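Heads up: the structure comes next, in structure tokens.
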Number of protein chains: 2
Amino acid sequence: MIIREACNCPLEVVHGMIKGKWKTMIVYQLKDGNTSLAELERGIEQITQKMLLQHLKEMQASGIVDKITGEGYPLHVEYYLTDRGKKLLSAVLIMQEIGIDYMVEQGQTELLDRKGIDYKR
Amino acid sequence: MIIREACNCPLEVVHGMIKGKWKTMIVYQLKDGNTSLAELERGIEQITQKMLLQHLKEMQASGIVDKITGEGYPLHVEYYLTDRGKKLLSAVLIMQEIGIDYMVEQGQTELLDRKGIDYKR
DNA sequence: CCGTATCCGATCCGATACTG
DNA sequence: CAGTATCGGATCGGATACGG
């Protein structure tokens, strides 16, 4: 892992694991199990393949995700959350709620509707 | 708030709220209630006053923290978590656990001991 | 004690092109 | 479909100095 800084507190460690623009979204996208790179790319709007691969590599190094690689062509790889990643998912789900709350407050429900996100309680 | 990007997903919103090196630590540091700037600065090793103030300002703009300002000298200000901040705290506490797990796995318990963090279950 | 301003190197991330 | 390499602009964050 690339915790190069002097990590003297648990939250600093985790910051190293989730920093970057896309990592929480990748975790969320993996919530339902094994997912191919192409599926991830489709699921996360606007991410580039480069950033997706770069972040996945870092997340693998920090033990949040892992992957299995099939043989033969076309190549097939599946990424999935490790146990640590699943624990992180529980934090990400709270963040998701916070973001939804915020968007509802701001009257941005149209965006949520378009994505089929349920925000009614 | 400075959500300048086109925010089309809840996690992107929250990323805007917590990005930066110190924000999760600030949230954690505020868990026990109102805290002065000086206390925060003492509680978060290595943070500079500039970064602390900058992050607090951003967090205030995104509705995670708020502050009350006393009158007279010496100046006294107290920062505290809003309801949104408290919800975020519940995610931060999970991150804290993940970080502790990681440090225990790596045999870095000495650092946890020094900080008086309980990692025994 | 609280808060602001500037400067500058380090890092991040998007675009793009390319390989197996 | 999966993955790598490079380049350049934008952003981040630490040092430092100053002001209320």
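Residues in region A:25-54 that are surrounded by 13 or more Cβ atoms within 10 Å (Cβ to Cβ) and in contact with a strand residue (DSSP E or B) (Cβ under 8 Å, 6 or more places away or on another chain): A:I26, A:V27, A:Q29, A:L30, A:K31, A:N34, A:T35, A:S36, A:L37, A:L40, A:G43. Within region A:26-44, the only residue that satisfies the criterion of being within 14 Å of chain B (Cβ to nearest Cβ) and within 11 Å of DNA strand C (Cβ to nearest atom) is A:I44. Scanning region A:62-116 for residues that are farther than 23 Å from A:G20 by Cβ and within 10 Å of chain B (Cβ to nearest Cβ), we see that the one that is modelled with the lowest pLDDT is A:R114.
Touching a Cys at 6+ places or on another chain (Cβ under 7 Å) and under 26 Å from B:Q29 (Cα atoms): does that describe A:V13?
On the way: touching a Cys at 6+ places or on another chain (Cβ under 7 Å): yes; under 26 Å from B:Q29 (Cα atoms): yes.
Yes, satisfied.
Taken as a whole, region A:63-85 holds at least one residue that is within 13 Å of DNA strand D (Cβ to nearest atom) and of a type in the set (S, T, N, Q). When the criteria are applied in full, B:H15 fails the requirement of being within 13 Å of DNA strand C (Cβ to nearest atom), part of a helix (DSSP H, G or I) and touching a Phe, Trp or Tyr at 6+ places or on another chain (Cβ under 7 Å).
Tell me whether region A:46-58 contains one or more residues that are more than 12 Å from DNA strand C (Cβ to nearest atom) and within 14 Å of chain B (Cβ to nearest Cβ). No, that holds for no residue.
Name the residue, out of A:Q54, A:Q46, that is farther than 23 Å from A:L93 by Cβ and of a type outside the set (V, I, T). If you could, list the steps in order and put the result at the bottom.
On the way: A:Q46 fails: farther than 23 Å from A:L93 by Cβ.
Every option except A:Q54 fails the conditions.
Please specify each residue of region A:94-121 satisfying the condition of being among the aliphatic types (A, V, I, L, M) and crowded, with 17+ Cβ neighbours inside 10 Å. Answer for region A:94-121, where residues must be among the aliphatic types (A, V, I, L, M) and crowded, with 17+ Cβ neighbours inside 10 Å: A:I94, A:M95, A:I98, A:I100, A:M103, A:L112. Being assigned to a loop (DSSP other than H, G, I, E, B) and loosely packed, with under 15 Cβ neighbours inside 10 Å is a description that does not apply to B:K57.
The values are calculated or read from the model by the stated rules, or taken from the named source; none is laboratory data. These numbers were taken from a predicted model, which means no experiment stands behind them. Positions of Cβ are generated from backbone atoms using ideal geometry, with glycine treated the same way; all protein chains shown enter the neighbour counts.
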